[in-house]
Ligand code: SF4
Ligand code: SF4
């Protein structure tokens with residue numbers, strides 16, 4: 001893999017080159033007191049000099065003592081909103097006399113560049129690839145946008161307060177699924193980026209940039225940076241035999257305890273980068289001449305989600321929390337041959353009562369020892 005150095009002064013060239021190659025850039029920016037993903041026009045749109053302090057049920061932006069561009073971890077948004085939009089019209093129908101015209105929605109034509117994708121987030125995209133384009137029924141919107149995507153990843157050199165990617169073997173180093181990966185190096189007298197191409201598209205992009213070859217010492221800084229992030233990780237989840245552990249503990253008293261705290265607010269599913277459930281809603285106007293079908297994100301925490309003839313299959317908070325956690329960590333393996341959790345920590349941070357998936361799993365494991 002070719003390794004190159006891009007200076008901070010030249011970082012804007014990455015934006016210019018992506019635009020020249022026809023990509024619209026989406027990446028981290030500050031909005032409503034959080035670092036979210038949105039359209040970026042220029043380098044100054046990045047959360048320069050900001051970091052995110054996170055713990056269970058708490059998220060705060062804090063000023064850094066430096067001017068890092070990628071000095072934060074992950075926020076409430078994930079990239080799934082661009083590949084699997086929260087709300088999308090599938091078709092609309094208009095009746096004119098005896099004629100009925102049905103128009104399906106067009107597929108995306110824009111080429112997107114995801115900038116600043118973390119290692120755990122790449123794994124989340126690879127997991128959703130299996131869901132949306134790996135089986136018999138493929139999602140045309142997802143497939144089209146995914147094919148028009150360039151992934152510019154960012155290695156983590158500091159861990160977030162709720163991260164546990166080391167346990168899930170998904171980070172902090174990006175090892176696959178990217179076109180180009182950036183490692184930010186910030187020292188008193190230098191501010192640079194180590195760039196590595198992961199695909200021919202990434203190599204082509206690299207060829208457009210004003211870079212120089214990295215020295216072995218600079219390459220070593222990447223190893224040191226990701227090792228530092230791994231060392232800082234405060235949470236651990238023992239994944240050995242986790243599917244069997246959870247599946248033989250469906251009646252464990254811990255589910256009752258967590259259910260007393262869980263508000264079934266669905267935050268954990270909305271922020272999770274791998275959750276993929278949706279519902280379909282039909283609407284019509286009063287004349288009955290116009291109708292639309294929409295697909296919206298849904299959550300296994302809502303009563304309606306499991307409503308079948310006669311009522312909801314999972315009417316209690318206990319059954320809904322247990323369904324979510326055992327799906328993520330156990331039955332996802334049966335369905336998709338992978339874990340549904342990538343260790344990003346979002347569900348821990350954004351749970352209003354601070355329920356922690358690592359703590360819940362570890363408690364069940366400990367009770368067996
Ligand atoms: S675990 Fe937390 S975030 Fe998830 S539904 Fe319960 S209260 Fe909401
Ligand atoms: S379950 Fe929680 S930690 Fe795991 S991927 Fe989803 S949001 Fe991240």
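The values are calculated or read from the model by the stated rules, or taken from the named source; none is laboratory data. Not measured: the values here are computed from a predicted model. Positions of Cβ are backbone-derived with ideal geometry, glycine not excepted, and every protein chain shown enters the neighbour counts.
Just one of (1) part of a loop (DSSP other than H, G, I, E, B); (2) closer than 14 Å to residue 157 by Cβ fails for residue 221. It is (1).
Residue count for the stretch 296-331 satisfying the condition of being in contact (Cβ under 8 Å) with a residue 60 or more places away in the chain and touching a helix residue (DSSP H, G or I) at 6+ places or on another chain (Cβ under 9 Å): 9. Once the stretch 166-198 is narrowed to residues that are part of a loop (DSSP other than H, G, I, E, B) and in contact with a strand residue (DSSP E or B) (Cβ under 8 Å, 6 or more places away or on another chain), the residue that is nearest to residue 12 (Cα to Cα) is 179.
Only residues that are under 24 Å from residue 173 (Cα atoms) and within 12 Å of ligand 1 (Cβ to nearest atom) were counted across the stretch 318-349, and they come to 5. Looking at the stretch 255-279 only, could you name the residues that are surrounded by 16 or more Cβ atoms within 10 Å (Cβ to Cβ) and over 28 Å from residue 293 (Cβ atoms)? Matches in the stretch 255-279: 255, 258, 259, 262.
Determine whether residue 135 is assigned by TED's automatic domain parsing to the domain that holds residue 76, crowded, with 22+ Cβ neighbours inside 10 Å and part of a loop (DSSP other than H, G, I, E, B). The answer is no for residue 135.
Of the strands (runs of 3 or more DSSP E) lying entirely inside the stretch 23-68, those containing at least 3 residues that are under 20 Å from residue 225 (Cβ atoms) are 50-55.
Just one of the listed residues (18, 6) is part of a helix (DSSP H, G or I) and either exposed (fewer than 13 other Cβ atoms within 10 Å of the Cβ) or in contact with a strand residue (DSSP E or B) (Cβ under 6 Å, 6 or more places away or on another chain) (or both), and it is 18. Which ones in the stretch 180-203 are without any contact (Cβ under 8 Å) to a residue 60 or more places away in the chain and more than 22 Å from residue 158 (Cα to Cα)? Result: 199, 200, 201, 202. With respect to the conditions (1) free of Cβ contacts under 8 Å to residues at least 24 places away in the same chain; (2) at positive phi, residue 116 falls short on a single one, namely (1). Out of curiosity, is residue 204 modelled with pLDDT under 95 and part of a helix (DSSP H, G or I)? No; evaluated as a whole, the condition is false for this residue.
Scanning the stretch 224-237 for residues that are under 24 Å from the mean Cα position of the chain (by Cα) and assigned to a helix (DSSP H, G or I) yields 225, 226, 227, 228, 229, 230, 231, 232. Here is a list of conditions, (1) within 19 Å of the chain's Cα centre (by Cα); (2) not assigned by TED's automatic domain parsing to the domain that holds residue 179, and residue 91 meets all of them except one; can you say which number that is? The failed condition is (1).
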